[in-house]
Structure formats: structure tokens, C-alpha cells
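The values are calculated or read from the model by the stated rules, or taken from the named source; none is laboratory data. Everything quoted here is computed from the prediction, not taken from an experiment. Heads up, the Cβs are rebuilt from the backbone with ideal geometry, glycines too, and the neighbour counts pull from every protein chain shown. Quick note on the areas: whole protein, heavy atoms, side chains included, nothing else; ligands and nucleic acids left out. Shrake-Rupley method; radii C 1.70, N 1.55, O 1.52, S 1.80 Å.
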Amino acid sequence: MLVDSHCHLDFPEFAEDFEQIMSRAAEANVGLMLTICTHLSRFPRVLAVAERFDNVYCSVGIHPHEAGEETEVTAEQLVELAKHPKVVGFGETGLDYFYEHSPREAQKRSFRAHIEAARIAQLPIIIHTRDADEDMTAILEEEMGKGAFPGLVHCFSSGRALGEKAVELGLYISLSGILPLEKLLVETDSPFLAPIPHRGKRCEPAFVAQTAGVLADIKGLSPAALADVTTDNFFTLFSKVPR
């Protein structure tokens with residue numbers, strides 16, 4: 001079984017043929033999906049998707065792009081929302097200095113609130129980071145020094161130093177061939193980032209099979225062995241999700 005550890009099933013790109021998308025995911029052996037919240041104001045519709053399907057769970061949080069527009073959230077508010085059995089993590093949150101759709105200070109405040117929620121609830125934080133390696137490293141080191149919290153750097157595209165620091169701090173990373181297998185997950189980030197041979201088209205959870213296939217080749221594993229490892233890693237990190 002494969003797990004798509006990061007997708008956005010509530011996005012309008014999926015509305016027209018949603019049932020077919022879910023069927024194709026099942027045909028591709030994608031047995032579980034984690035749909036990720038980006039706007040706290042839209043959390044009810046994210047949760048509604050998770051409640052509709054036994055094999056879909058969700059997170060709660062604010063994307064760094066939205067940190068300047070969404071109402072600031074406290075750790076306590078996030079923890080309260082995460083008491084729902086279908087909510088298994090916080091985010092996605094983090095820092096994005098490439099687009100800078102939100103002020104950097106607003107991003108940092110939001111990120112720290114999500115970290116505190118992860119520390120309190122001991123549920124993983126899903127981290128988005130782009131062109132912010134220095135600040136990301138500093139915040140992760142500082143916050144981990146206050147008390148350990150579980151987490152995942154998703155769709156990793158940063159420098160090697162940040163990747164090594166994240167693993168050193170005990171965080172997981174979604175798909176990077178240089179990283180230890182025991183810390184790897186696979187994801188689509190659908191509807192974005194469709195892999196070859198689907199580049200330029202809408203991405204969907206079924207395509208996680210292509211991503212896993214490439215990673216299996218890199219690691220010298222069979223697709224089945226790679227699926228076993230990354231799925232086990234998912235359940236280890238997102239421990240609230242029943243196997």
C-alpha cells in the first residue's frame with residue numbers, strides 16, 4: 001500500500017471528477033491520503049473530505065502564503081481543533097521567501113504557533129520552506145531546544161544543510177534521494193507538481209505511484225519494498241492514524 005502523505009483534496013481543481021480521482025487512487029494502490037489545510041477559514045471543508053472517506057485524514061493550519069491574510073491563530077486553538085479524530089497534524093505552515101505573499105514576521109509568528117501546538121499535542125507539524133533556509137534552520141533549532149516536537153519537511157527543495165539539520169533534529173522529509181530511507185515519505189502535493197509523464201497537467205493522488213517508483217530506483221528497492229518502508233514511516237510519524 002502507498003500513502004499520499006500530502007495532497008489538497010478540497011481544492012476546486014478536483015471538484016469536477018472527484019469520484020474518478022478517488023477510484024484511480026485506489027487502482028494505483030494508494031490506500032491512504034492526508035489532505036492538507038492551507039487556510040484556517042477553509043478548514044471545515046478540508047475536514048468534510050476527511051470525514052467522508054475512511055482512508056482520508058487531514059491537518060489543520062495556515063500556509064505561510066496566507067499568514068498575512070488569515071486571522072492569527074494560537075497554539076491552543078490549533079490543539080483544540082486537532083482533538084477531532086480525523087485531524088492528525090498541523091499545517092501546512094513554515095516560511096516562503098520566494099513568493100513572499102505574506103510579511104516575513106507574520107509567517108514566523110504563525111510558524112511558531114503551529115510548532116507550539118505540535119509540541120503540546122505531540123502531533124506532527126507539516127513544514128513548507130522555500131528560499132528561507134537560514135531562518136528556517138534557526139527557528140527549528142531554537143524551538144526544538146524548548147522541547148521536542150514531531151514534524152515533516154514536505155516537498156523538500158532546499159539546500160543539503162537544511163535537510164541534514166532537519167534529520168538531525170528528528171524531523172522527516174518527503175522525498176529526497178540523499179536522505180536515509182527511514183526518514184522518507186512520498187507525496188503528490190496534488191493538484192500541484194504532477195510528475196513525469198504528467199508534467200503540465202493536474203496532479204492527483206494516484207500519481208504518487210510514479211514518485212514512489214522513481215524513489216525505488218534511486219534506492220535500489222522494488223516498488224513493493226519502497227511502498228512498505230514509506231508507508232511504515234507515515235504511520236510512525238502520524239501515529240494518530242490507525243493502521
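Odds and ends about this structure:
- Going through (1) within 26 Å of Asp131 (Cβ to Cβ); (2) in contact with a Cys (Cβ under 9 Å, 6 or more places away or on another chain) one by one, Tyr97 falls short only on (2).
- Some residue of segment 36-46 being surrounded by 24 or more Cβ atoms within 10 Å (Cβ to Cβ), touching an Asp or Glu at 6+ places or on another chain (Cβ under 9 Å) and assigned to a loop (DSSP other than H, G, I, E, B): yes
- Of everything listed in (1) closer than 30 Å to Gln210 by Cα; (2) under 15 Å from the mean Cα position of the chain (by Cα), the single unmet condition for His114 is (1).
- Of Leu171, Leu78, all but one fail to be aliphatic (A, V, I, L, M) and under 26 Å from Val208 (Cα atoms); the exception is Leu171.
- Residue among Ala113, Ala194, Ala118 that alone is open to solvent by less than 70 Å² (accessible area, probe 1.4 Å), free of Cβ contacts under 8 Å to residues at least 40 places away in the same chain and within 20 Å of Val87 (Cα to Cα): Ala118
- Residue match in segment 43-60 (condition: within 30 Å of Glu100 (Cβ to Cβ), small (Gly, Ala, Ser) and under 14 Å from the mean Cα position of the chain (by Cα)): yes
- Residue in segment 114-128 that is at positive phi and in contact with a Pro (Cβ under 9 Å, 6 or more places away or on another chain) present: yes
- Residue match in segment 154-161 (condition: within 22 Å of Ile36 (Cβ to Cβ), at pLDDT 95 or above, surrounded by fewer than 22 Cβ atoms within 10 Å (Cβ to Cβ) and under 14 Å from the mean Cα position of the chain (by Cα)): no
- Residue match in segment 84-104 (condition: surrounded by fewer than 23 Cβ atoms within 10 Å (Cβ to Cβ), without any contact (Cβ under 8 Å) to a residue 24 or more places away in the chain, touching a helix residue (DSSP H, G or I) at 6+ places or on another chain (Cβ under 9 Å) and acidic (Asp, Glu)): yes
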